[in-house]
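Every number in this text was worked out from the coordinates using simple rules, so none of it is lab data. Please read all numbers here as calculations on a predicted model, not as lab measurements. Virtual Cβ from ideal backbone geometry, glycine too; neighbours counted across all protein chains shown.
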């Protein structure tokens, strides 16, 4: 199959390229990237990308697909359909399924389901410890051979510092990335939102920023000690950003991510979106996430971390839950929100507001995740897999969760007006999603 994409503005941070280019795709790979009109169109299918931005397929390195075990919340098929609608051609699936992805059998099952769906690529993340219980390490060689791109006990921290050190040493042997869920459970205790004036006003138990920061400090210190690659998930506080920034300056092998809700919302979102929310709070369980939404100062620090490179990647931490977990009193509600279909639109606000250039954003949503995970993608170079996302930067749209592909509806952005949307996604040269005006 020969597909020619013409008329688009190609933005590829891997090549420092931001210019009009035509792309030729042959047999699922990029065969040529040339000046407009330089590639003959005769005998080739043509996709007109005039007015659109063509970028390496977006990669979200932190999602929860819930299968196996909680298919009523999400499946690999529905999750990857949500992914391609959001412009993501690849996702890394966290291991806290039921059973936990701590064996090759579970990893192979997830990959089989992804192949059957035929949508976004899925890069499974195996567990650090058996059952994610923090007691004994998994067999990393087996997990990597089965197809795991990294290991993590995401959803739970590794509380035992010695076990975390051994995990880093063991993972380094197999060149596996370790993804840290940085949270001190003793400091978190029974908190349900950020500890501060808002939690006090609402009468809810708080989680201090220090619950994240002390574990970030511990784990970057262990990364420096062991020389193993460490990635800090869902960074949410100003203190964490500064700890990571300083660790990088010292040469520690550390990367990190944040999520759109941490540079978009504050803990005030727990009160809901109504005009009188401050006086009559809604206790919006869709705004209950882990780590919790923080303060305006933390939001500003996360934005600055994205701007100056202290934060490497944007990952939405897509965490589907059903009504059974969310339509309950706030303290009893599960933590997490869905984000695959809103991530790009929310992240483009950083471009519209001048915090990031478009190239910087694509680096943080494609090029850097591919490099950190060590998976194909993140570049539009000749010979690379033809995983591409086409973006209409001017398309205005309204978040309508009932129209989402995800099986779950736990989204705090219902009704938001966003500008910029993925209008097509190709995986291996196949058009897996499109809403082009043709």
Check your understanding: Based on DSSP H runs of at least 4 residues, each adding -39500 (n - 2.57), what is the mean residue ellipticity at 222 nm of the chain after dividing by all its residues, to the nearest 500 deg cm²/dmol?
Key -> -8000 deg cm²/dmol
Practice item. For region 57-373, calculate the relative contact order in percent as a whole number, restricting contacts to Cα pairs under 8 Å that are 6 or more residues apart. Key: 16 percent
**Study point:** Most to least packed among 292-304, 39-51 [average Cβ atoms within 10 Å]
**Key:** 292-304, 39-51
Exercise for review: Mind jotting down the distance between the C-alpha centroids of region 256-281 and region 133-151, whole Å?
Suggested key: 36 Å
Review point. Between residue 32 and residue 435, what length comes free when the chain is fully extended (0.36 nm per residue of separation minus the Cα-Cα distance, one decimal in nm)?
Key: 142.6 nm
Revision key, fill the gap. So for region 264-366, using the alpha carbon gyration tensor with a ≥ b ≥ c as root eigenvalues (a/c under 1.5 gives rounded; past that, a/b versus b/c decides prolate or oblate), I'd call it prolate
Practice item. Enter the Cα centre distance for the pair region 190-205 and region 1-36, rounded to the nearest angstrom. Key: 50 Å
**Study point:** For region 1-109, the spread of Cα positions along each principal axis, largest first, Å
**Key:** 52, 28, 23
**Study point:** Separation in nanometres of the label points that stand 7 Å from Cα toward Cβ, at residue 133 and residue 249
**Key:** 4.3 nm
**Study point:** Cut-off 15 Å, label 7 Å out along Cα→Cβ of residue 141, residues of region 196-230 by amide N
**Key:** none
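Taking R0 as 25 Å, what's the FRET efficiency between residue 352 and residue 273 from their Cβ-Cβ distance, rounded to 0.05?
Details: r = 21 Å, r/R0 = 0.83.
For residue 352 and residue 273, the calculated efficiency is 0.75.
Let's test the formula: R0 of 35 Å, r as the Cβ-Cβ distance of residue 398 and residue 332. What FRET efficiency results, to the nearest 0.05?
0.70
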Practice item. Compute the separation of the alpha-carbon centres of region 288-307 and region 378-438 and state it in Å as a whole number. Key: 24 Å
